[in-house]
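K.L.:
Take this structure first; my questions come after.
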Amino acid sequence: LMAATTFGLLNLLWEVAQLPFYTLWKQGTLGSIAFAIAHCTVGDVLIGLFAASLSIVLTRFLVPRHSAAGASFLVVFVIFGIGYTVFSEWLNVFVWKSWAYSDLMPTIPPLGTGLSPLLQWLLVPIATYFIVFWRTCRHQV
């Protein structure tokens, strides 16, 4: 529960912080911006829950018990999150045109994926992992 709450809160903060990288920031109403933040944060948490479940299953069967299972879990989680993000951003920005990047968004070729969502799925899971690890170890002492 601590991991899910931390992950959700960090994603909420990231969604708010990256708003200027999307056209919604200047073109949207306050209501549409609030809806987008809530919708994207809930989506991030659901993607994270699925990625965590998949990561647990894969690392349980593929990683020997004596190895660093936590690090393996985190690597699989980040790979899944980044993979899904590349697909989702391509689909929503270029195919469905559900949202658009502002001129401030750096993009990564070849698909033109925004740097901010890629960094989100790299940094938020890692930060969540270390925050939960730190809080758990601190309370065990």
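The values are calculated or read from the model by the stated rules, or taken from the named source; none is laboratory data. No experiment lies behind these values; they were computed from the predicted model shown. Here the Cβ positions follow ideal geometry from the backbone for every residue, glycine too, while neighbour counts run over all protein chains shown. For accessibility, only protein heavy atoms count, side chains too; no ligands or nucleic acids. Shrake-Rupley method; radii C 1.70, N 1.55, O 1.52, S 1.80 Å.
K.L.:
Skipping prolines and chain starts, which residues have an amide H placed within reach, meaning under 5 Å, of the one on residue 22, given they are 5 or more residues away or on another chain?
P.N.:
102
K.L.:
For the range 86-137, what is the accessible area per residue in Å² when the probe is 1.4 Å?
P.N.:
Using a 1.4 Å probe on heavy atoms only, each residue of the range 86-137 averages 59 Å².
K.L.:
Which of the trypsin sites (Lys or Arg not before Pro) across the range 1-98 are loop residues per DSSP, with 15 or fewer other Cβ within 10 Å?
P.N.:
65, 97
K.L.:
Next question. Given H placed on each backbone N at 1.01 Å, which residues far from residue 113 in sequence or on other chains put an amide H within less than 5 Å of it?
P.N.:
108
K.L.:
Okay, next question. Scanning the chain for chymotrypsin sites (Phe, Trp or Tyr not before Pro) in DSSP loops with at most 15 other Cβ atoms within 10 Å, what's the longest stretch left with none?
P.N.:
Here the longest segment lacking exposed loop sites spans 1-95.
K.L.:
A follow-up question, please. How much of the accessible area of the chain, in percent, comes from carbon and sulfur atoms when a 1.4 Å probe is used?
P.N.:
C and S fraction of accessible area: 76 percent.
K.L.:
If a helix is a whole DSSP H run, which ones in the chain reach 18 Å or further along their own axis (Cα) and hold a mean Kyte-Doolittle hydropathy of at least 1.0?
P.N.:
2-17, 30-62, 69-89
K.L.:
With bins 10 Å wide starting at 0, give me the P(r) of the range 1-132 over every alpha carbon pair, in whole percents.
P.N.:
So the P(r) values, bin by bin, are 12, 42, 31, 12, 3, 0.
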